[in-house]
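The values are calculated or read from the model by the stated rules, or taken from the named source; none is laboratory data. Computed from a predicted model, the values in this text were never measured in an experiment. Cβ: placed from backbone, ideal geometry, glycine included. Neighbour counts: every protein chain shown. Heads up: the accessible areas ignore ligands, DNA and RNA and are worked out on the full protein's heavy atoms, side chains in. Shrake-Rupley method; radii C 1.70, N 1.55, O 1.52, S 1.80 Å.
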Amino acid sequence: MIAASQVWILAFGAHLVGQGTLNVGELVASLLIANTLVFRIEGVGRVMQIFADARSSAARIWELLDAEPGIVGGSAALADGALGVRFGHVRVSTPGGGNAILEDCSFCIQPGEIVALVGTTGSGKSSLAALLPRLLEADAGEVAIGSDVLGWRNVRDFELGQLRRRVHVVTQESFLFSDTVAANLRVAAPHAGDADLIAALELAAAADVLERLPQGLETPLGDRGITLSGGQRQRLCLARALLAKASILGLDDATSALDAATERTVLHNIRGFKHAPGGRAVTVLMVSSKLSTILMADRVLLLADGRIAAQGTHQELSSSSVAYRELMGITHG
Ligand SMILES: Nc1ncnc2c1ncn2[C@@H]1O[C@H](COP(=O)(O)OP(=O)(O)O)[C@@H](O)[C@H]1O
Ligand SMILES: [Mg+2]
């Protein structure tokens with residue numbers, strides 16, 4: 001259109017100049033006027049385009065903000081002290097009432113215990129971990145936290161914010177926001193000082209990650225932390241979890257990219273929490289498929305067909321459970 005209008009002005013203008021009814025100066029002026037107008041109209045068009053995009057995006061954002069959460073917290077306050085986990089005949093099915101992911105799943109983890117959860121891919125390990133802070137809701141049965149001293153209580157009874165401060169799950173996909181390292185860590189503890197952040201990074205064996213960052217804690221990370229390696233991302237997420245000082249820590253394959261020695265250091269640090277001044281024992285549920293991780297746990301739970309099929313130490317399970325030996329690739333004899 002723009003090119004055509006200029007061609008038209010030039011052609012018709014040249015014709016008029018030939019006839020002597022228009023001089024060359026007037027022809028150039030007409031071209032300039034046409035150009036200026038076209039640019040202005042294009043500008044208005046661009047703004048209208050941006051406006052239309054923003055309107056459809058805003059509609060989606062409002063829809064999300066206006067959504068009523070399906071999971072509503074109770075009113076009970078959580079008592080201070082170490083907490084354990086108890087599942088009683090828990091059933092969870094896929095959204096829309098489909099197949100059962102967990103079916104009649106029962107087990108108990110005492111406060112301060114470090115337990116590994118193993119199972120084939122798709123056996124429901126991540127779903128089980130998501131039940132603890134009520135990111136997922138059980139269809140039937142009871143997910144309870146507490147201890148023999150404090151008493152056990154259904155997670156539904158507790159105030160949601162408090163529950164999620166005391167029960168922290170590090171998800172399988174280590175998620176970081178496109179913000180600074182410090183801001184990413186402070187998601188778990190908004191009022192933590194720089195010294196707290198550095199201490200948490202040290203506990204998560206991530207002090208060397210910090211050393212390599214050009215601007216230290218103030219280094220901006222790319223979207224989803226793409227500027228870091230998988231292991232570095234995982235350790236930052238672990239540091240964030242440790243900063244939260246939760247009583248129950250779920251690690252959903254959260255140490256998969258760490259080497260055995262680093263993993264050992266981190267778990268040793270977590271075990272040491274109860275000896276720190278004012279510290280309390282942390283209960284850990286580690287989802288893992290790595291033998292090195294499983295060997296560090298006090299006990300192993302084997303998830304199969306939606307329920308805990310076997311439990312015990314690694315030694316006990318490898319001699320008593322065929323399914324466990326197959327899963328871990330252990331051959332006897
Ligand atoms: N949001 C969902 N919608 C439908 N199916 C799901 C959903 N989440 C998990 N599942 C199904 O539940 C099963 C268990 O998933 P998951 O807990 O992620 O297993 P794991 O962590 O042991 O690999 C899988 O078969 C998966 O397909
Ligand atoms: Mg999983």
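D104 is checked against (1) within 17 Å of L285 (Cβ to Cβ); (2) away from ligand 1 (no atom under 13 Å from the Cβ) and fails just one. What number does that condition carry? Evaluating D104 over (1) within 17 Å of L285 (Cβ to Cβ); (2) away from ligand 1 (no atom under 13 Å from the Cβ) leaves (1) as the failure.
L117 satisfies every condition listed in (1) surrounded by fewer than 21 Cβ atoms within 10 Å (Cβ to Cβ); (2) touching a Ser or Thr at 6+ places or on another chain (Cβ under 9 Å); (3) assigned to a strand (DSSP E or B) except (1).
Residue-by-condition table, conditions (1) open to solvent by 70 Å² or more (accessible area, probe 1.4 Å); (2) under 20 Å from the mean Cα position of the chain (by Cα):
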{"residue": "R55", "(1), (2)": "yes, no"}
{"residue": "L64", "(1), (2)": "yes, yes"}
{"residue": "P69", "(1), (2)": "yes, yes"}
{"residue": "G81", "(1), (2)": "no, no"}
{"residue": "V90", "(1), (2)": "no, no"}
{"residue": "R156", "(1), (2)": "yes, no"}
{"residue": "V170", "(1), (2)": "no, yes"}
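Counting only residues that are within 16 Å of ligand 2 (Cβ to nearest atom) and aliphatic (A, V, I, L, M), which one in the range 230-269 is farthest from R166 (Cα to Cα)? For the range 230-269, the residue satisfying everything is A257. Scanning the range 46-54 for residues that are out of contact with any Lys or Arg (no Cβ under 6 Å at 6 or more places or on another chain), at pLDDT 90 or above and within 16 Å of ligand 2 (Cβ to nearest atom) turns up nothing. Please go through the range 235-273 and give me each residue that is away from ligand 1 (no atom under 16 Å from the Cβ), open to solvent by 30 Å² or more (accessible area, probe 1.4 Å) and over 20 Å from L197 (Cβ atoms), ordered by number. Hits for the range 235-273 are A257, D259, A260, A261, R264, H268, R271.
When the residues of the range 208-217 are filtered to those that are crowded, with 17+ Cβ neighbours inside 10 Å and assigned to a helix (DSSP H, G or I), the one that is farthest from ligand 1 (Cβ to nearest atom) is L217. Residue count for the range 274-333 satisfying the condition of being buried (at least 22 other Cβ atoms within 10 Å of the Cβ), among the polar types (S, T, N, Q) and closer than 18 Å to F107 by Cα: 2. Every test in (1) in the same structural domain as L132 (by TED's automatic domain parsing); (2) more than 20 Å from P133 (Cα to Cα) is passed by A116 save one, and that test is (2).
Out of (1) farther than 19 Å from G74 by Cα; (2) more than 16 Å from ligand 2 (Cβ to nearest atom), the odd one out for A116 is which? Unmet for A116, out of (1) farther than 19 Å from G74 by Cα; (2) more than 16 Å from ligand 2 (Cβ to nearest atom): (2). Checking the range 12-23 against the condition returns a match, with at least one residue being in a loop (DSSP other than H, G, I, E, B) and open to solvent by less than 50 Å² (accessible area, probe 1.4 Å).
Table: residues versus (1) within 21 Å of the chain's Cα centre (by Cα); (2) at pLDDT 90 or above; (3) within 16 Å of ligand 2 (Cβ to nearest atom).
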residue: V143; (1), (2), (3): no, yes, no
residue: L163; (1), (2), (3): yes, yes, no
residue: S174; (1), (2), (3): yes, no, yes
residue: N184; (1), (2), (3): yes, yes, no
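Evaluated against (1) closer than 28 Å to A77 by Cβ; (2) hydrophobic (A, V, I, L, M, F, W, C); (3) in a loop (DSSP other than H, G, I, E, B); (4) open to solvent by less than 50 Å² (accessible area, probe 1.4 Å), A205 falls short on exactly one condition, (1). Looking across the range 104-113, the residues that are surrounded by fewer than 20 Cβ atoms within 10 Å (Cβ to Cβ) and not charged (D, E, K, R) come down to S106, F107, C108, Q110, G112. When T36, T94, T121 are checked against the criterion of being at pLDDT below 90, within 13 Å of ligand 1 (Cβ to nearest atom) and of a type in the set (S, T, Y), a single residue qualifies: T94.
Could you list, in sequence order, the residues of the range 172-183 that are open to solvent by 60 Å² or more (accessible area, probe 1.4 Å) and of a type in the set (S, T, Y)? S178, the sole residue that qualifies. Within the range 67-102, the set of residues being aliphatic (A, V, I, L, M) and either away from ligand 2 (no atom under 16 Å from the Cβ) or more than 14 Å from L136 (Cβ to Cβ) (or both) comprises A67, I71, V72, A76, A77, L78, A79, A82, L83, V85, V90, A100.
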